[in-house]
Structure formats: structure tokens, C-alpha cells
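Working notes, structure below.
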Amino acid sequence: MTRVLIRNAQVFDATGRAPYPADVLVEGNRIKAVATDLGVLEAPEVIDGAGMTLMPGMVEGHSHPTFTGVSEPAQLGEIPPEEHLILTIKNTRLMLDHGFTALFEAASAKLRLGVVTRNAINAGDFIGPRMRAASPEITTTAGLGDERRVHIYRESFALIADGPEEMRKVARLCMREGVDNLKINVSGDDFVTNARAACTPMMRDEIRTAVEVAHEFGRMVVAHSRSAESVKRCVEAGVDCIYHCDQSDEEALDLLERNKNRHFVAPAFGILYNLVHETEKTGVPRSFIEERGFRKAFDVSCETYHQMRKRGIRVAIGGDYGFAFTPQGQNARDIHHFVRFFGYSPIEALQCATTVGADLMGMKHELGLVKEGYLADLLLVRGDPTQDVTLLQHPDNLAMVMTDGRLWKDPRREIRREKLPLAAE
Ligand SMILES: [Zn+2]
């Protein structure tokens with residue numbers, strides 16, 4: 001069993017405490033000891049963390065490792081599975097380079113892509129972040145993701161289910177193929193014309209059926225949900241993680257607050273930030289941003305998430321990275337967005353990226369803290385991210401990335417891999 005001692009670092013344990021000096025011993029894939037009595041621990045392998053902060057690895061709460069930088073979701077359907085699998089594996093490693101040691105998948109572009117990637121990581125075939133694998137987006141005719149046309153045969157990359165009978169069948173298919181997270185598109189989105197964000201095409205009986213099937217198999221349901229009505233339907237049906245929620249009204253927020261131990265939310269705010277604040281870089285025409293009301297959606301999201309924070313609702317980070325305008329690797333930007341736009345303190349925002357994420361993964365008793373007995377998913381950050389959360393946006397600031405006790409990036413070795421890909425800034 002390998003034993004690695006990280007010495008002289010400031011430890012940000014993610015309990016809410018400010019960083020403090022401690023030595024941390026890792027044995028196998030677990031944290032064996034956290035000693036504030038410095039110098040008492042010994043191990044054959046020692047890493048010097050002087051000037052650095054040791055913290056838990058980050059959890060991406062709305063990740064899309066199967067999204068390959070396309071400008072429209074429909075293009076995902078056109079990538080052959082062979083190429084797609086390789087691109088997916090590449091993305092998981094890119095996220096690991098950026099300090100994400102766990103990915104909660106929000107939707108997979110093909111039914112088995114997330115599943116086989118997760119299986120290969122779990123089997124030790126390659127080193128990658130821990131994963132909960134998602135199904136493709138399940139939508140209704142005319143819902144977000146229904147890319148079919150009447151004049152030409154074209155399958156959608158989403159799975160279409162109309163009515164509880166079809167939903168039951170599609171959901172069971174996803175269970176059989178091994179997904180952890182069943183993704184349903186309950187509301188539309190302003191990206192598409194057929195179902196806008198304020199529209200809620202998925203009906204109560206369809207949502208309830210999805211939840212019933214997934215929970216029977218011990219899996220989770222996650223929902224694309226922008227309209228206030230969609231949030232209410234998701235809470236009533238018991239959807240586990242409700243994404244976006246930006247148009248939540250008072251009633252929807254009250255419902256979420258009353259049921260805050262049952263639900264997670266995640267704004268997936270990166271997409272809105274990039275569209276509104278980096279329009280030129282995104283290549284999306286400014287007229288489209290204005291016409292579709294993304295600026296308003298941005299402001300509304302900020303208000304909504306100030307409320308979420310005040311009401312103590314569990315909010316995970318994850319910004320819908322993986323499109324042309326939200327490059328993979330920018331994921332840690334969300335932490336800064338939480339501080340800058342939603343009123344979180346840096347420590348609170350870092351907890352959203354660690355402890356809340358671990359809770360979302362269903363692993364809060366063994367992941368997301370620097371604590372004895374917990375899994376050794378750890379980062380050594382040059383500097384103090386509790387003073388400057390933007391440090392986490394640059395992989396050069398990560399001296400060490402450890403996943404499940406294995407060193408993906410080791411500060412003692414000159415890494416001769418190709419230069420780490422930096423996300424476009
Ligand atoms: Zn998404």
C-alpha cells in the first residue's frame with residue numbers, strides 16, 4: 001500500500017474553517033491522518049507543500065464530458081461512437097488536469113458513452129475522475145433536444161418519450177444500460193425556437209414516471225428546468241437535481257426551501273456568463289443574445305441564486321461546459337461567478353465545489369473533505385484559493401492532483417507530458 005505524506009501545507013479542509021497548517025498522510029486511496037502537530041508523521045514518500053494549500057479535489061456538478069466543443073447540440077449526434085469515446089476520455093483527463101476529481105454527468109451525448117467511460121475508470125483501465133454517468137437527454141416531441149424534422153429522416157441525439165408509457169420504457173432502457181443519472185428536459189431553452197425557456201413541455205405524469213423508474217433502481221433523476229412551472233413540477237415529482245431554475249418565482253423558491261434536504265440545484269451559469277460577457281469570443285452573434293433575452297436571463301439568475309444562498313438550498317457548481325462558447329476546462333470559473341454574482345463568500349463557493357458536490361455524488365460521508373478516513377482526492381494549490389478563488393482556473397497553479405490516492409500530477413517530477421491544455425480565457 002502506498003503511503004504519501006504531504007508536509008508543510010496550509011490545509012483547507014472544506015468544513016468552513018480557514019486554512020490551517022497541518023501534515024496529511026495518505027495511505028492507499030484514503031486519508032489516514034491530518035496532523036496539526038507538525039512533524040510527527042512519517043512516510044516513505046514525502047511531498048513538500050510549503051507555500052501551498054491542500055484542499056479536496058473539485059466536483060463538477062453539471063458536467064458534459066461527451067460534449068466536444070460543438071456550437072449546436074444536434075452536431076453531437078453526428079460524431080461516430082468510436083471518435084466520440086476517444087474525445088470523451090480526453091475530456092475527462094482534461095478536467096482532471098484542471099483539478100476536477102469527480103464528475104457528476106448532466107447528460108451524455110450517446111446512451112453508453114458516459115457509462116463505458118465510468119466503467120473503464122472504475123476498472124482502472126485509465127486514470128480519470130470518479131463519475132456518475134448520465135443518460136442522454138430525454139425529451140418530449142417539440143421539447144428541447146427534439147431535433148427531428150418532418151421532411152427528412154433524422155434521429156435526435158436526445159431520446160424522445162411522449163406520455164408515461166414511453167417514458168417508462170425509455171427510462172428502463174437507460175437503467176438496463178447502467179446510467180446513474182437519468183436526465184429529463186422538463187422546460188425548453190431560449191437556444192431553441194420550438195420550446196423556449198418559459199415553456200414546460202414535459203407533463204407531470206411523465207416526470208413522475210421517470211422518477212418512479214429511476215428511484216426503483218436506486219438511481220437519480222436530473223432535470224433541465226428553467227421555467228418556474230418546471231421547477232414546481234420537478235419538486236412535486238421528487239427530481240433529485242434540478243438544473244438552472246433561473247425563472248423560479250417565490251412559490252418555486254418556497255417549495256425548494258421546504259424540501260431542501262431532497263433536492264440539489266445548479267445554475268449552470270457559465271453558459272450565460274460567456275454568452276453575455278464574452279459575446280465576441282463565443283462567436284454567437286450579438287443580435288442573437290439580445291433577441292433571445294440572455295442578458296435578462298443573466299440578471300434573473302443572479303437574483304435567483306442570491307435567494308438560493310440565503311435560503312440554504314444546496315447549490316452545486318457546473319456551468320454547462322463543453323460547447324464552442326463554453327470550452328471544457330473553464331469549469332472552475334463557476335466558483336468565481338458564485339462569489340462575484342451570487343453573494344457567496346470564497347469559502348462558501350469552494351464548499352459548493354467540494355462538499356456540496358460530494359453530497360450530490362452520493363458520497364458525502366467519504367468525499368469532499370480533507371478528513372481522516374475520507375477518499376484521497378486532493379489538490380495542492382500554489383497560493384491560497386480562499387483568498388483568491390481564480391487561482392483554481394489555471395492548471396499551472398495546481399502543483400498536485402491526486403485522485404483516489406493516485407498522483408495524476410506530482411510536484412516532485414518533471415512532467416514530460418505535452419503542455420497542459422489551457423482553457424481559452
Ligand atoms: Zn447541460
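The values are calculated or read from the model by the stated rules, or taken from the named source; none is laboratory data. Just so it is clear, the structure is predicted and the values come from calculations on it, not from any experiment. All Cβ positions, even for glycine, are placed from backbone atoms using ideal geometry, and neighbour counts span all protein chains on display. The protein model used for the area step is the full one, side chains on, heavy atoms only, and it has no ligands, DNA or RNA in it. Shrake-Rupley method; radii C 1.70, N 1.55, O 1.52, S 1.80 Å.
Need the list of lysines near LYS32 for cross-linking: C-alpha distance under 24 angstrom, and skip anything on the same chain fewer than eight residues off. Answer for LYS32, where 24 Å is the Cα cut-off: LYS364, LYS371, LYS409, listed by chain and number. If only the Cβ of Lys and Arg carry +1 and only the Cβ of Asp and Glu carry -1, the dipole of the range 151-303 around its Cα centre is close to 340 debye.
Between the listed residues LEU367, ALA316, LEU380, the Cα displaced farthest toward the positive end of the dipole of the range 312-413, a dipole computed from Cβ unit charges relative to the Cα centre, is found at LEU380.
For the range 199-310, a Kirkwood radius taken over Cα pairs fed into Stokes-Einstein (37 °C, viscosity 0.692 mPa s) yields D = 220 µm²/s. DSSP bridge analysis restricted to the chain gives an antiparallel fraction near 45%, rounded to the nearest 5.
Here the relative contact order of the chain, from alpha carbon pairs under 8 Å that lie six or more residues apart, stands at 19 percent. Taken over the range 58-360, lysine pairs spaced eight or more positions apart, or on distinct chains, with alpha carbons under 24 Å apart number 14. Taking the Cα centre of the range 213-334 as origin and assigning +1 to Lys and Arg Cβ atoms and -1 to Asp and Glu Cβ atoms, the resulting dipole is close to 280 debye. Taken over the C-alpha atoms, the range 58-360 has Rg and Dmax values of 17.5, 53 angstrom. Considering the range 278-425 at the alpha-carbon level, its Rg and Dmax are found to be 17.3, 53 Å. Averaged per residue, the chain has 39 square angstrom of accessible surface, using a 1.4 angstrom probe with ligands and nucleic acids left out. Dipole magnitude for the range 58-360: computed about the Cα centre from +1 point charges on Lys and Arg Cβ and -1 point charges on Asp and Glu Cβ, it is near 440 debye. Protein heavy-atom surface of the chain, 1.4 angstrom probe: 50% of the accessible area is carbon and sulfur, with nucleic acids and ligands not counted. Could you work out the relative contact order of the range 92-240, using alpha carbon pairs under 8 angstrom and six or more residues apart, expressed as a whole percent? Value for the range 92-240: 21 percent.
Using every pair of distinct Cα positions in the range 218-284, the Kirkwood expression returns a hydrodynamic radius of 12.7 angstrom. Listed peptides 357-364, 182-189, 197-204 appear in the order 182-189, 357-364, 197-204 once ranked by packing, highest mean of other Cβ atoms within 10 Å at the front. Net charge within 13 Å of PHE323 by Cβ-Cβ distance, Lys/Arg positive one each and Asp/Glu negative one each, not counting PHE323 itself? Net charge in that neighbourhood comes out at -3.
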